[in-house]
Amino acid sequence: MKKDLEKLKQEFEELIHKVTDRDNLENLKTEFLGRKGKLKNLLQHVATLADEERKVVGKIANEVKEAIEVAYGNKEQEIVGSESSVHAQREWIDITEPGHFNEEGHLHPTSQAIAEISDIFGRIGFSAVRAPEIDWDYYVFESLNMPKDHPARDDWETFFMDIPEAKKGKLVLTPHTSNSQVRHMEEVKPPIRMININRTYRRQIDITHIPMFHQFEGLMIDKDISVTHLKGVLDYFAKAFFGPNRKTRLRPHHFRFTEPSFEVDISCEVCGGDDSGACRLCKGGWVELGGAGMVHPNVLKAGGLDPNVYSGFAFGWGVERTFMMREGIKIDDLRILYKNDLRFVKQF
Ligand code: PHE
């Protein structure tokens, strides 16, 4: 029996030598020391031995068991060690290596222009407001002196929401930012100086039109406001945004919500306003910027103001157009602005 025990110990030591992972190690331990293991099996008949012999055998059996446990413990350490070194190798990082930097982006050209335009008007006391970009027909047309079915509405190729009409008419995707005029008058009493920059929508898509674009709307109302003030503000903006040598010019036009109405031109950056027609960029020294005019008495009334007391001016221009004009970008397709093409966007 003593020999058998010795053999058992040897056998275990040989086998454990080859073990390299935890599972096999556990199996081996159970195989030798488990309830139905080899050691138990050997000691089955120990009870039948004489007292003397039983003691001796019992002692050896304990020694064997201990030896096996020690060998098991050592192997376990070894496996844990090698596992963590494999792990360490796989997860190794060179902390001296220079880092990978995330490329820093910048604002989209349109957002840059919006920030700049708000800032320029902010400096002369125009506070930025935001009228809804989906609004009632009343604010978009009717309160702007364009009764239902008035043909002037056709100039704004409008998207109508497909939902039932309410008290203020249909809901529309605003085709211009002028909905902010009466909305603002309803909220703020004169003196009024506001700038509303927002998304606008029209049913047009081709190389010079995108169905979603941006406009900025200015409104100033007080006592004794005249075209001179309009001209002063526009000239100030032209110089601040386009450069100190630029001038603006007002050309008669027609809008239902302003009287008189104008189209605003800016002197050409190339020829500086040469009206001989020689410049290849512009026609006669001027390029068109947007619309403007003195707020129509009916619009003041819709906003709850007495046209005999108050007067004011408004203007509304496209942000994308104004920006492109300054940058001198002659792109052959306006839609590139919103195509997320980094090769284009990164240039600004
Ligand atoms: N809302 C006009 C447009 O979109 C522009 C405009 C605004 C004209 C304010 C006059 C006054 O064309």
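Brief remarks on what is shown
- Number of the exception - Ser261 against (1) in contact with a Lys or Arg (Cβ under 9 Å, 6 or more places away or on another chain); (2) surrounded by fewer than 22 Cβ atoms within 10 Å (Cβ to Cβ); (3) among the small types (Gly, Ala, Ser): (1)
- For region 271-289, the tally of residues that are within 16 Å of the ligand (Cβ to nearest atom) and surrounded by fewer than 21 Cβ atoms within 10 Å (Cβ to Cβ) stands at 1.
Let's see how each residue does on (1) within 60 Å of the chain's Cα centre (by Cα); (2) among the small types (Gly, Ala, Ser):
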| residue | (1), (2) |
| --- | --- |
| Lys36 | no, no |
| Lys40 | no, no |
| Val46 | no, no |
| Ala50 | no, yes |
| Lys55 | no, no |
| Glu66 | no, no |
| Val70 | no, no |
| Glu78 | yes, no |
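- Pairs, first in contact (Cβ under 8 Å) with a residue 60 or more places away in the chain and closer than 12 Å to Ile117 by Cα in region 215-238, second aromatic (Phe, Trp, Tyr) and outside any strand (DSSP E or B), C-beta under 8 Å, six or more apart: Gly218/Phe121; Gly218/Phe126; Phe237/Phe121
- Residue identified as touching a Phe, Trp or Tyr at 6+ places or on another chain (Cβ under 8 Å), surrounded by 10 or more Cβ atoms within 10 Å (Cβ to Cβ) and under 29 Å from Glu13 (Cβ atoms) among Ile68, Ile79, Ile60: Ile68
- Take the conditions (1) under 25 Å from Asp333 (Cβ atoms); (2) assigned to a loop (DSSP other than H, G, I, E, B); Phe241 misses just one of them, which is (2).
- Every residue from region 24-50 that is among the charged types (D, E, K, R) and either modelled with pLDDT under 85 or under 16 Å from Glu69 (Cα atoms) (or both): Glu26, Lys29, Glu31, Arg35, Lys38, Lys40
- Residue in region 303-313 that is in the same structural domain as His176 (by TED's automatic domain parsing), of a type outside the set (Asp, Glu) and within 33 Å of the chain's Cα centre (by Cα) present: no
A quick yes/no check of all residues on (1) closer than 22 Å to Pro297 by Cβ; (2) under 33 Å from the mean Cα position of the chain (by Cα):
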site	(1), (2)
Ser127	no, yes
Arg130	no, yes
Glu133	no, yes
His150	yes, no
Trp156	yes, yes
Phe160	no, yes
Pro164	no, yes
Lys167	no, no
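- Of the listed requirements (1) at pLDDT below 90; (2) more than 23 Å from the chain's Cα centre (by Cα); (3) not aromatic (Phe, Trp, Tyr), Asn298 misses just one: (1).
- Filtered residue count, region 244-255, keeping only those that are within 10 Å of the ligand (Cβ to nearest atom) and either surrounded by 19 or more Cβ atoms within 10 Å (Cβ to Cβ) or more than 19 Å from Val299 (Cβ to Cβ) (or both): 1
- Residue pairs whose Cβ atoms lie under 7 Å apart, separated by 6 or more positions or on different chains, with the first residue in region 63-75 and closer than 22 Å to Lys2 by Cβ and the second exposed (fewer than 15 other Cβ atoms within 10 Å of the Cβ), are Ala71/Glu13.
- Taking helices (runs of 4 or more DSSP H) as the structural unit, no element lying wholly within region 1-120 holds at least 3 residues that are of a type in the set (Gly, Ala, Ser) and in contact with a Pro (Cβ under 7 Å, 6 or more places away or on another chain).
- Only one of the listed residues (Gly293, Gly304) is modelled with pLDDT of 85 or more, within 16 Å of the ligand (Cβ to nearest atom) and either of a type outside the set (A, V, I, L, M) or in a strand (DSSP E or B) (or both). That residue is Gly293.
- Residue list for region 116-125, restricted to those being within 16 Å of the ligand (Cβ to nearest atom) and either more than 30 Å from Tyr236 (Cβ to Cβ) or not aromatic (Phe, Trp, Tyr) (or both): Ile117
The values are calculated or read from the model by the stated rules, or taken from the named source; none is laboratory data. What you see is a predicted model; the values in this text were computed from it and never measured. So basically every Cβ, Gly included, is an ideal-geometry build from the backbone, and we count neighbours across all protein chains shown.
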